[in-house]
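What follows is calculated from the coordinates using simple rules that are stated; it is not laboratory data. Predicted, not measured: the structure shown is a model, and the values here were computed from it. Methodologically, a virtual Cβ is constructed for each residue, glycine included, from the backbone with ideal geometry; neighbour enumeration extends over all protein chains shown.
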Amino acid sequence: MAGQCPAAISIAGISMTENTGNGHPGIDPSDMTREQAASELERLAAAILHHDELYHGGDAPEISDAEYDALRRRNLAVEQAFPDLVREDSPTKRVGYVALDKFEKVRHAIPMLSLDNAFSDEDVRDFWDRIVRFLKLETRPELTAEPKIDGLSLSLRYEGGRLVSAATRGDGTVGENVTQNARTITDIPTVLAGDKIPEIVEVRGEVYMTKQAFEMLNRRMEEEGKPQYVNPRNTAAGSLRQLDSAVTAQRPLKFFAYAWGEMSEVPEPTQMGMVEQLAKWGFVTNPLMRVFTAPEELLAHYHAIEEERASLAYDIDGVVYKVNELALQERLGFVARSPRWAIAHKFPAEKAWTVLKGIDIQVGRTGALTPVARLEPITVGGVVVTNATLHNEDYIKGIGNDGQPIRDGKDLRVGDTVMIQRAGDVIPQVLDVDLEKRPADAVPFEFPTTCPVCGSHAVREVNEKTGRADSVRRCTGGLVCSAQMAERLKHFVSRNAFDIEGLGDKQVAFFYNDPDLRVRNPADIFRLRENDAKSLKKLKDKEGWGATSAAKLFDAIDARRNVELRRFIFGLGIRHVGEQTAKDLARYYGSAEALTVAMKRLADGDMAAREDLISIDGIGNTVADALTEFFAEDGNMRVYEELLEQVSPEPPEQADTSSPVAGKTVVFTGSLERMTRDEAKAMAERLGAKVSGSVSAKTDLLVAGPGAGSKLKKAQELGVETIDEDGWFELVGA
Ligand code: IVH
């Protein structure tokens, strides 16, 4: 986010005129010697401290804000070029005048989740039906509808009615402490109003900038000859994450409260009631929020808000629907990272016409060859678009995934005038082509049949069921294809996989390509420290690294040797094994050892192992095939075992080990009356049980409702303990 704001970019090449010491103000940090960098940092530390003291001591400043910002940026640029020269008294370390990317981390007491999206009226009706079905409701539920503010979410914590911290969403679990900056936003009360305020109150909502404020700011930037900001949302994000809260204070940020996190007491039983309570505590809430009792009413409100969109003072990108009753929200719970009780109905994407300048082929981590459209830059909905996805070979030809024509069968050629669509943050798409504008010399695009990265054959698998070729062409180079390896490594260290601090895409690419470090597979990452110790050319001597940063990285890597099993599995990057499947596998097998045994048997074609795998609720033939293929590949197995020599994945947290069903394998069958099947599964898992879809010798308990058939019979044959739904509630004491 901050990268979008001019204050954070263009750090190189700032020429300083004043000289408060023996620095080297004219030189680009990347061209500096270590001695020059050290003396420059010394000069800057003294200069910034001097100006800070003037500013915070209330004395008249000697330089303008812009000059002051330039000093800080210069300091940061030199520090980034020479991380090991960062001084103890560095201005970036000083609290109070915090530096970019140096915010303290805050762990959210309750994670900040995201919302699932709906794109059509149909999606909204499905959402409604899902809720009714899940809860087996006899009467109509109430749902709220309110604008989806296009800003950034912020969590505010009050203790004893006083604001104690403000944190950005971050990755949902850990955010950045921006308390000082949040205090400058007038919509955010520092002390809650009214009485009967719970001891702990966490209020969540959206920080945003009005369209007018954004335009005024940009006009000022223009007058000062500075680069313009992209859109209100990025500007708000950049402003909230300012180094100096005095800068934030000058930016007119606003805040809508719409949700909450930890609460020592929840004063109201409904979403609407809670939002009204937030308003009584002194927050600004959105005036367009309403309660409805039918999907058609939600849709009518959505369209009314859509009509009003342009005249609203702030940007919105859709309408959020939420189940009103909090008790029902609780019963609905969550799937992965979004609540089942809410959805964001997004406004349709924005479109524009431009010229297709070229088609590049990218090779993804799974070997998929993806064509990317290079476009004549065009602004779509306030954002400059230069690339768009073309999905696959057939898409370029005008054939859809189902083999039917798309765009009336019109193909895409370099030189064509094409229609681009952009929706939210998703990659823009090429929707249509104007044949009348096609140049006479445009030729059909020839899709490569070899991998542009490693030269291996690229093939389209034939789908067993349909007998049709898969729309995706894939490189067969597996572990020899560097495109895949680098991508696999990036996936491996990514946030939802191993999540190694300080090891992002950039560093992985660097390690992968570095002739001394040669990190070629996931196990190599964990051998980095050891290999570095043996190597003559050490990481600390590499450009951009130093003793401190290298040691810090090695420590961060070591810290992840006890990664959770689900992350370990997800990190392997196996086709069709996403986060949820990885979690299901981790929960079912319970340990890396058990998983290894099962996967070896699977790869050896052991049918019992396969049946066992497929018995896991949510796992079918596709995942089983993908796992079989992965573990049958010797190269993969070798790396997998090497990796397990380096790491010891931790078994999944047992939800509730004291429960009578903890560790047991449970099957539900027949119709359940007091809970739906989904609820039953969620409840059993919460209590530490594994839920299976089929009865086998491994089943510990069968919960059979009326109408139970073959599963009940099999359980009786196998002597599996069988109870009814009431028996279940008695057993678990609910
Ligand atoms: S509710 C558990 N309500 O949208 C759900 N979110 O895509 C909590 N957002 O991260 C979110 N307006 O930053 C909610 N009226 C609204 C919202 C809203 C904007 C943002 C929020 C969230 C994102 C999810």
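So which trypsin sites (Lys or Arg not before Pro) in region 559-627 are both in a DSSP loop and have at most 14 other Cβ atoms within 10 Å of their Cβ?
Arg561
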Once amide hydrogens are built 1.01 Å from N within the peptide plane, the residues lying 5 or more places from Val320 or on another chain with amide H under 5 Å from its amide H are Glu146, Lys148, His345
Peptide ranges 345-356, 670-681, 199-210 listed from the most packed, as the mean C-beta count within 10 angstrom indicates:
199-210, 345-356, 670-681
Tally Lys/Arg at +1 and Asp/Glu at -1 over every other residue whose Cβ is under 11 Å from the Cβ of Phe445; what's the total?
-2
I'd like the distance between the alpha-carbon centres of region 317-359 and region 668-706, rounded to an integer number of Å.
30 Å
I need the peptides 128-141, 279-292 ranked by packing, meaning the mean over residues of other C-beta atoms within 10 angstrom, with the highest value on top.
279-292, 128-141
Using the charge dipole of the chain (Lys, Arg: +1 at Cβ; Asp, Glu: -1 at Cβ; taken about the Cα centre), state which of Gln580, Ile396, Val132 has its Cα farthest towards the positive end.
Ile396
Nearest 0.05, what FRET efficiency do Thr386 and Thr548 give at R0 = 35 Å with Cβ-Cβ as r?
0.40
Output wanted: per-residue J couplings in Hz (rounded whole) for region 348-364, from phi through Karplus 6.51 cos²θ - 1.76 cosθ + 1.60, θ = phi - 60°, x for Gly and Pro.
x, 5, 9, 10, 7, 9, 7, 9, 7, 8, x, 10, 9, 10, 9, 10, x
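In nm, what is the difference between 0.36 nm times the number of residues separating Ser114 and Thr596 and their Cα-Cα distance?
170.2 nm is the gain from fully extending Ser114 to Thr596.
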Residues whose placed amide H lies under 5 Å from that of Gln362, excluding near-sequence neighbours
Thr370, Val372
Label-reachable residues, region 719-734, where backbone N falls under 15 Å from a point 7 Å from Ala662's Cα toward its Cβ:
732-733
